[in-house]
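J.: Take a look at the following structure, please.
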Amino acid sequence: MGIILLICFAFGALNMYNGRFEMRDLQVYYDAAGKLLDGESPYRQAFGLSSGFYKYSASAAVVFMPFHALGWWATRIVFFTIISASVAWFLPDFTSRFRRELGFDNKHTSAVVLFTGIALAGHISRELLLGNVNWLLFLLVFAAFFQLRRNEWLAGILLALALTFKPHFAVVLPWLILRSHFKAFTALIVAFFVFLMLPAAGWGIEHTAALIREWMEAMQAHNTGLAESPNTFYGLFSLVTGAEASWVVLFFLGLTAGCVLVWMLSHFRIERKALAQQALHQPSFTDQPGQLLSSNRLLEFSVLLALVPNLVHTDTEHFMWTFPLIVAAGSSWFSVSPRPLVPALFIALALIPYTLNTPDLWGQNAAEFFDKSGVLGLANAALIAAGLWLYSRYRSDRMLSTD
């Protein structure tokens, strides 16, 4: 933890020395909050850079209002410290939690933390450089996931808060229904609308409704031409075929949803089989329905989040949401015997665009190639596939070892 924190602070000091401690994404939130404080709309104007349009709910901007009591310089220091401390604490902590959910013991934990930290380093450094909220939202969403077994109402409220920042998290709504988390689903829907209407306490219902309409317009403008977003499945298809029709987007959305649904249904079938085997006292790996359910739930939830930047036009930092599947890949590789070479090479190749897409290493032209050629989206899909395949191999090895 201390080493990670020192690395983050050293990165911040280096940015200050080089005049790069600007945190442009944070400035968008900060200035949008300032507009609301002045009774104005934060939409349809750029903050900081020409591309710095605010495209989140007014409620999300309200969260940043207290920072105006500190001033812009102190806000950057405080927010950088918050991200750094949360990375230092939760990177190893959540790695350990994910490993427990997947059924791994404490062996190789340090190696997996190191591997995961290296894999996510590029995205975390960008998060620190720009001052965005993607890492903090990831923590919020998985805090909700871990709360589902303890307090579904609280889990739904936490998910609703994340949704007020980025509607991408709506991807988990069908999962909540399929996994019978009806209380969390209800709490999410109710709390989301409550959060959306919170600005009405200060600016009135009519003005808040206008802000919600402007938010919808901002999101629509941001996601026009999805077929041109190179790291999405549609964008990759369009790059190869030149097709940019709306049916391409609908086809890949339907295909992805169908594949995830079939995969989840196979999980349900395996879980029912495990329960039946347990009732019959049949010794096998599948007589552990509790562990099986835990790992299946985490994999499903993680895949849905990891697929978001492959389905929606987003910033590249969103690819850090593949974190749990990177843990699954690293943990499985260290735990199977013999350790497979081909998946290791496959992951190493994927990590080149996934981790190292920075102009500081390759120059601006090469970094733009990583971002705009579709290889980053391919790398993310490859890491998802590698994590699932290696974990399946690990699970099969455990099954054989208990027969």
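J.: Where does region 54-139 land on Rg/Rh, using Cα atoms and the Kirkwood Rh? Mind showing how you got there, number by number?
T.: On the way: Rg = 15.8 Å, Rh = 14.8 Å.
Rounded to two decimals, Rg/Rh equals 1.07.
J.: Here is a further query. How high is the relative contact order of the chain, given as a whole-number percent (alpha carbon pairs under 8 Å, six or more residues apart)? Each step should come with its number before you reach the end.
T.: Numbers: 501 pairs, mean separation 73.1, N = 403.
After rounding, I find 18 percent.
J.: How many percent of all Cα-Cα pairs in region 299-384 sit more than 16 Å apart?
T.: Values: 1969 of 3655 pairs.
The calculated P(r) of region 299-384 puts 54 percent of pairs beyond 16 Å.
J.: Mind checking which of 141, 190, 240 has the largest fluctuation in a GNM of the chain, springs on alpha carbons under 10 Å?
T.: In this elastic network of the chain, the residue with the biggest mean-square fluctuation among 141, 190, 240 is 240.
J.: Another question, then. For residue 55, go through the lysines and keep the ones whose alpha-carbon is under 30 Å away, minus same-chain ones fewer than eight residues off.
T.: 35, 166, 183, 372
J.: In square nanometres and to one decimal, what's the mean projected area of the convex hull around the Cα atoms of region 1-154?
T.: Values: hull surface 44.1 nm².
Averaging across all directions leaves 11.0 nm² for the Cα convex hull.
J.: Students often get this wrong: which residues of region 130-172 have the backbone nitrogen under 13 Å from the point 7 angstrom along Cα-to-C-beta of residue 183?
T.: 147-157
J.: Provide the three semi-axes, in whole Å and in decreasing order, of the ellipsoid equivalent to region 1-49 as defined by the square roots of 5 times the Cα gyration tensor eigenvalues.
T.: Numbers: eigenvalues 191, 32, 11 Å².
Rounded to whole Å, the semi-axes are 31, 13, 7.
J.: Among 265, 325, 120, which one shows the highest mean-square fluctuation when the chain is modelled as a Gaussian network with alpha-carbon springs under 10 Å?
T.: For the chain, modelled as a Gaussian network with Cα springs under 10 Å, the answer is 265.
J.: Name the long-range amide H neighbours of residue 53: under 5 Å, sequence gap of 5 or more, or other chain; modelled H, no Pro or chain starts.
T.: 47
J.: Once you treat every alpha carbon in region 242-359 as an equal point and sum by Debye, what is log10 I(q)/I(0) at q = 0.10, 0.15, 0.22, 0.23 Å⁻¹?
T.: Each listed q corresponds, in turn, to -0.46, -0.93, -1.29, -1.31.
J.: D for region 47-95, whole µm²/s, Stokes-Einstein with Kirkwood Rh over alpha-carbon pairs at 37 °C and 0.692 mPa s: what number? Before the final figure, lay out each step's value.
T.: On the way: Rh = 13.0 Å.
It comes out at roughly 253 µm²/s.
J.: Taking the dipole about the Cα centre of the chain, with the C-beta of Lys and Arg at +1 and of Asp and Glu at -1, give me whichever of 265, 129, 357 is farthest to the positive side.
T.: The one lying farthest along the dipole's positive direction is 265.
J.: Please work out how much length the chain gains when fully extended from residue 20 to residue 220, using 0.36 nm per residue of separation minus the C-alpha to C-alpha distance, in nm with one decimal. Write out the running numbers ahead of the final one.
T.: Details: separation 200, 0.36 × 200 = 72.00 nm, distance 3.11 nm.
In short, 68.9 nm is gained.
J.: I've got another one for you. What order do you get for 3-12, 197-206, 327-336 when each peptide is scored by the mean count of other beta carbon atoms within 10 Å, highest first? Let's see the in-between values first.
T.: Numbers: 3-12: 15.7, 197-206: 13.3, 327-336: 24.9.
With the highest mean Cβ count within 10 Å placed first, the list reads 327-336, 3-12, 197-206.
J.: Here's something else I'd like to know. Hey, any idea what the orientation-averaged projected area of the convex hull of region 135-192's Cα atoms comes to, in nm²? Could you put the intermediate results ahead of the total?
T.: Values: hull surface 13.0 nm².
Averaged projected hull area, Cα only: 3.2 nm².
J.: If you line up the Cα atoms of the chain on their principal axes, what length do they span on each, largest first, in Å?
T.: Rounded to whole Å, the extents work out to 68, 48, 46 Å.
Every read-out reported here was derived from the displayed coordinates using simple, explicitly stated rules and does not represent laboratory data. For clarity, every value in this text was computed on a predicted model and none was experimentally measured. Please note: Cβ atoms are built from the backbone with ideal geometry, for glycine as well, and neighbour counts cover all protein chains shown.
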